[in-house]
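Report on the following structure.
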Ligand code: NAD
């Protein structure tokens, strides 16, 4: 830990003295109003850096830059864009350790999981870099009177708004396909975790991306974020965050008919049937809710367990949760770090009383850990039913709600009985049941006998209140590009 802290300190010095500023048209600049806010570490509330608190005029300047840079970037050959995006990936890999250390300090996520986040970010750039040359590929659809040629063109400058939970990886996930498609961008990162977005924008600059292609504007959601969603020259908004924010963005973007792509909240079930491999199911269930502090959209926050095995599984689960190591996020042994900030800590811990009022049991945890920083005890609620708030609401912390079910029909009713529909995890050795259940489960992504493993060519996204649109493979280009049909009379 001492070595990790010393390394972090070496990286942070510059940001402490300079502050985290915007990057507009290739220039580092403060907010035009001169306003700023502070970002503090959830470990001990110490100051990390001051951050530009941008407003509508900064968004306008960034959008003008993105608009001016668009024709040249859109017209650049896919091969050239591919080379620049690979260069960004190279530089991310070079700075991977710095990114991981900064991300953990800014967000509270444990280093053992975040150490791979930068490399996943680099992989996102490589995947979409390789797709850049074929992004415009279309087809020919002849009719008796016409030769139809369909093609795709980039939609224009786009706005990208990201959350604080895994900010680096999620930013790359959105930005890489936008650039590969030929769009220019204005990125508004989450105010609670702006550090690695700044590093990422620097990397893009150093990789030789033309000025104005990638603009970074820091600030609050209701100020800079709102202005971005309302700007007439921003053609689309790719947003990752809470469902209620998605709803606000849809309203804000209505006057300018904004195209939106939303990746929102989840209350994902992990359903364990009596014929499952219980040890593997247990490993996956623990990993999917307690890693990343439970601050993960695809976390398995509801355990649905068949009554016949519930006592056994819950007893083993209790032991596992008790054994989780809560600690400093930079300590490689830590499994659960502090929550992002006080407001979120207050929200997560409020569910301990809610659980008891609703009649569930706190089998493990249910309190704060230590007196400094936003650490909570990994928590397990048992004896819950689907109507309780702990079974319905996204808590977004290391908190699992266990609900028992009788049979397959009962499990399906409970699994679908939430407003969300992002992911689902099934554990059974009955293949027919797995197919039948997956077919009826209301979720955008389902893993059978597996934890969540991201494969970039597959579609990622949710149904119901969990989102609109899909990321990954060609689905990303569907969002960042317009279809165009040209009909030649024969
Ligand atoms: P949030 O909605 O509070 O904020 C996300 C971003 O939106 C921030 O940058 C914020 O500044 C901005 N914002 C807030 N109000 C805005 C407004 N009126 N106009 C424009 N921008 C605005 O979300 P959060 O608390 O940062 O992130 C946690 C949420 O994100 C959870 O619900 C989680 O499930 C979700 N999430 C979803 C996915 C997914 O892929 N489905 C991935 C990660 C996180």
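Two numbers describe the Cα atoms of the stretch 41-83: Rg and Dmax, which are 17.8, 48 Å.
Each principal axis of the stretch 320-373 carries a Cα extent, and these read 37, 28, 15 Å when sorted largest first. Each peptide among 197-204, 438-445 gets the average number of other Cβ atoms lying within 10 Å of its residues, and from highest to lowest they stand as 197-204, 438-445. By DSSP, the beta bridges lying fully in the chain are antiparallel in about 45 percent of cases. Length, then width, then depth: along the principal axes, the Cα atoms of the stretch 3-64 run 44, 22, 16 Å. As a length-normalised measure over Cα pairs under 8 Å and 6 or more apart, the relative contact order of the chain settles at 18 percent.
Using a simple spin-label model with pseudo-atoms 7 Å out from Cα toward Cβ, residue 318 and residue 94 lie 5.4 nm apart. Translational diffusion coefficient, Stokes-Einstein: compute it for the stretch 114-271 using the Kirkwood radius over C-alpha pairs as Rh, at 37 °C and 0.692 mPa s, and state it as an integer in µm² s⁻¹. The diffusion coefficient I find is 194 µm²/s. Seen against the Cα atoms of the chain and their longest principal axis, helix 431-440 is set at about 60 degrees.
Rounded to the nearest 10 degrees, what's the angle between the helix 278-290 long axis and the longest principal axis of the chain, both from Cα atoms, 0 to 90? That helix lies at roughly 60 degrees to the long axis.
Sorting 223-236, 330-343, 16-29 by average packing, meaning the other beta carbons within 10 Å per residue, from highest down gives 223-236, 330-343, 16-29. Modelled label positions at residue 5 and residue 75, each set 7 Å beyond Cα in the direction of Cβ, lie 5.6 nm from each other. Working note: Debye formula, equal point scatterers on the alpha-carbon atoms of the stretch 277-369, no solvent; log10 I(q)/I(0) at q = 0.11, 0.17, 0.21 Å⁻¹ is -0.35, -0.86, -1.30.
Taking the longest Cα principal axis of the chain as reference, the axis of helix 243-252 is set at about 30 degrees.
How big is the antiparallel share of DSSP beta bridges in the stretch 359-485, given as a percent to the nearest 5? Of those bridges, close to 45 percent are antiparallel. Computed from the Kirkwood radius of its Cα pairs, the Stokes-Einstein diffusion coefficient for the stretch 217-304 at 20 °C and 1.002 mPa s stands at 140 µm²/s. Spacing of the modelled spin labels on residue 354 and residue 130, each 7 Å from Cα toward Cβ, amounts to 4.3 nm. Summary value for the stretch 303-457: 20 percent relative contact order, contacts being C-alpha pairs under 8 angstrom separated by 6+ residues.
Take the Cα pairs of the stretch 336-426, get the Kirkwood Rh, then feed it into Stokes-Einstein at 20 °C and 1.002 mPa s and tell me D in µm²/s.
Numbers: Rh = 14.0 Å.
Translational D for this selection: 153 µm²/s.
Based on Cα contacts under 8 Å between residues 6+ apart, the stretch 1-122 shows a relative contact order of 24 percent.
Projected over all directions and averaged, the alpha-carbon convex hull of the stretch 1-147 occupies 12.8 nm². Normalised size of the stretch 373-490, defined as Cα radius of gyration per 2.2 N^0.38 Å with N residues, equals 1.40.
On alpha carbon coordinates alone, what is the Rg over Rh value for the chain, Rh being the Kirkwood radius?
Taking Rh as the inverse mean 1/r over Cα pairs, Rg/Rh reads 0.99.
Fewest neighbouring Cβ atoms within 10 Å first, the residues 7, 464 line up as 7, 464. One decimal place: the segment residue 255-residue 153 gains 34.4 nm when fully extended, by the rule 0.36 nm per residue minus the C-alpha distance.
Sorted by average packing, counted as other Cβ atoms within 10 angstrom per residue and highest first, what order do 363-373, 118-128 take?
Working: 363-373: 15.2, 118-128: 23.5.
Listed from highest to lowest mean packing, they are 118-128, 363-373.
Along each principal axis, taking the top coordinate minus the bottom one, the Cα set of the stretch 269-313 gives 31, 16, 14 Å in descending order. Reported value for the stretch 176-268: 117 Å³ per residue, from the convex hull of its C-alpha atoms.
All of the numbers you see were taken from the coordinates with simple rules; none came from a lab. Quick caveat, the model's predicted, so the values are computed rather than measured. A quick note on method: Cβ atoms are made from the backbone with ideal geometry, for glycine too, and the neighbour counts reach across all protein chains shown.
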